[in-house]
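Student: Structure below; questions to follow.
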There are 2 protein chains.
Amino acid sequence: MTRDIALRPLTRAAFAPFGDVIAAAGARSHPINGGMCDRHHALAAAEALGEGARTIISLGRGRPYALPLDLPMLERHPLGSQAWIPLHDRPFAVIVAPDEGGRPGTPVAFITGPGEGVNYHANIWHAPVTPLGAPGDFAIIDRDGPGTNLEEFTFSTPWRIVLGA
Amino acid sequence: MTRDIALRPLTRAAFAPFGDVIAAAGARSHPINGGMCDRHHALAAAEALGEGARTIISLGRGRPYALPLDLPMLERHPLGSQAWIPLHDRPFAVIVAPDEGGRPGTPVAFITGPGEGVNYHANIWHAPVTPLGAPGDFAIIDRDGPGTNLEEFTFSTPWRIVLGA
């Protein structure tokens, strides 16, 4: 049985079960600041669950991966969403999985278009940030606060992420 | 009396009364994702005050200004913070003012370094987004919810923002 999973283009419809696509293309905008700025409003909302939780803004620099890549594990954050907004125009891989009884099912692997970011909803299984070919800087919007907000699952056999047809 | 205000370099210390600088330079980082990502943690926190409020992620494309620029007004958001993270490496102007009895005092004008963003704290007087020379795309992290979250103040005579020495 193959463990290969082909990258597919990121779309709002395909990603909807897992979170939000943060991109201007295909999203309505309205003028603000006397017409000097076009705002694509509320492409995603931050979730920060539990007493004493807050939403924070961090920056991350991810080291690059090469394709095909081995995917040994996924993680999830039960108490909050996590957004990754690229500060560059290069594509990166966005790998998620549906939950099946408390563990990830078969992963789904997306490749972003230029400038597209994502917001993982709370408790959605996803891979660590996955720049392709070159390091990538990202803005991260996620939850800070008390409680355990990280769960990891290691596959008995890694999946292999490959470039699509 | 001159109405000229010179742009000065953005620094964490000088901007601290108004908000946070969102930049990797000069901020501690720690490794995540098995060492594949360096995270500059919690450079800013989002404020979303009031029942039914939430923190949202939007994108904005600002039209450019030329220097010197006239500054006719400032605005503030009493119920929440507002972060502007550039998705490009060009500098932009960040213009703020202390409050003096419910109206803005003399503005302070900063110019960002490459990749530097800002988070205005709730109720801080600030100018609309001000790209310089070329349009600029930004991620915006701010508050959505009921209530009036915008206050504007128009100066009887505009200030003039000029390039520093």
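The values are calculated or read from the model by the stated rules, or taken from the named source; none is laboratory data. Just so it is clear, the structure is predicted and the values come from calculations on it, not from any experiment. Cβ: placed from backbone, ideal geometry, glycine included. Neighbour counts: every protein chain shown. Quick note on the areas: whole protein, heavy atoms, side chains included, nothing else; ligands and nucleic acids left out. Shrake-Rupley method; radii C 1.70, N 1.55, O 1.52, S 1.80 Å.
Student: Gaussian network model of chain A, Cα springs within a sub-10 Å range: biggest mean-square fluctuation belongs to which of A:Gly105, A:Gly34, A:Gly115?
Tutor: A:Gly34
Student: Quick check for me: using +1 on Lys/Arg Cβ and -1 on Asp/Glu Cβ, what's the dipole size of the protein assembly as shown about its Cα centre, in debye to the nearest 20?
Tutor: For the protein assembly as shown, the charge dipole is close to 580 debye.
Student: Another one. Given H placed on each backbone N at 1.01 Å, which residues far from B:Glu47 in sequence or on other chains put an amide H within less than 5 Å of it?
Tutor: Under 5 Å from the amide H of B:Glu47: B:Ser81.
Student: When chain B is treated as a GNM, springs tying every alpha-carbon pair under 10 Å, which of B:His77, B:His126, B:His30 comes out with the largest mean-square fluctuation?
Tutor: Greatest mean-square fluctuation among the candidates belongs to B:His30.
Student: Label the stretch B:100-165 by shape, choosing from rounded, prolate and oblate, from the square roots a ≥ b ≥ c of the eigenvalues of the Cα gyration tensor; if a/c is under 1.5 it is rounded, and otherwise prolate applies when a/b is larger than b/c, oblate when it is not.
Tutor: In terms of gyration-tensor shape, oblate.
Student: Here's a follow-up. Rounded, prolate or oblate: which fits the protein assembly as shown, taking a ≥ b ≥ c as square roots of the Cα gyration tensor eigenvalues, rounded meaning a/c under 1.5, else prolate when a/b beats b/c?
Tutor: It is prolate, given that a/c is not under 1.5 and a/b is the larger ratio.
Student: How much of the calculated P(r) for the stretch B:34-97 lies past 15 Å, in percent of all Cα pairs?
Tutor: Value for the stretch B:34-97 (Cα pairs over 15 Å): 71 percent.
Student: What does the average come to when, for each residue of peptide B:115-124, you count the partner chain Cβ atoms lying within 10 Å of its Cβ?
Tutor: 1
Student: Using only the alpha carbons of chain A, what is the convex hull's orientation-averaged projected area in square nanometres?
Tutor: 11.0 nm²
Student: Could you work out, residue by residue across A:127-139, how many beta carbons of other chains sit within 10 Å of that residue's beta carbon, and then give the average as an integer?
Tutor: Counting other chains' Cβ atoms within 10 Å and averaging over A:127-139 gives 3.
Student: Can you give the mean number of other chain Cβ atoms that lie within 10 Å of the Cβ atoms in peptide B:42-50?
Tutor: Whole-number average of other-chain Cβ neighbours for B:42-50 is 4.
Student: If you don't mind, there's one more thing I want to ask. Place a +1 charge on the Cβ of each Lys and Arg in chain A and a -1 charge on the Cβ of each Asp and Glu, then give the dipole magnitude about the Cα centre in debye, rounded to the nearest 20.
Tutor: 320 debye
Student: Restricting to DSSP H runs of at least four residues, report the calculated mean residue ellipticity at 222 nm for chain A, -39500 (n - 2.57) per run over all residues, nearest 500 deg cm²/dmol.
Tutor: Roughly -500 deg cm²/dmol at 222 nm, from the helical runs in chain A.
Student: Taking loop as defined by DSSP and a crowding limit of 16 other beta carbons within 10 Å, which GluC sites (Glu not before Pro) in the stretch B:84-165 fit?
Tutor: Hits after loop and neighbour filter: nothing returned.
Student: Quick check: pseudo-label points 7 Å beyond the Cα along Cα→Cβ at B:Thr11 and B:Val162, how many nm apart are they?
Tutor: Simple spin-label model gives 2.3 nm for this pair.
Student: Could you tell me the accessible area of A:Asp89 in Å² (1.4 Å probe, neighbours in place), rounded to the nearest ten?
Tutor: 110 Å²
Student: Also: Where in the stretch B:92-126 does the amide nitrogen come within less than 20 Å of the point 7 Å from the Cα of B:Arg63, taken along Cα to Cβ?
Tutor: The answer is B:92-95, whose backbone nitrogens lie closer than 20 Å to the label point.
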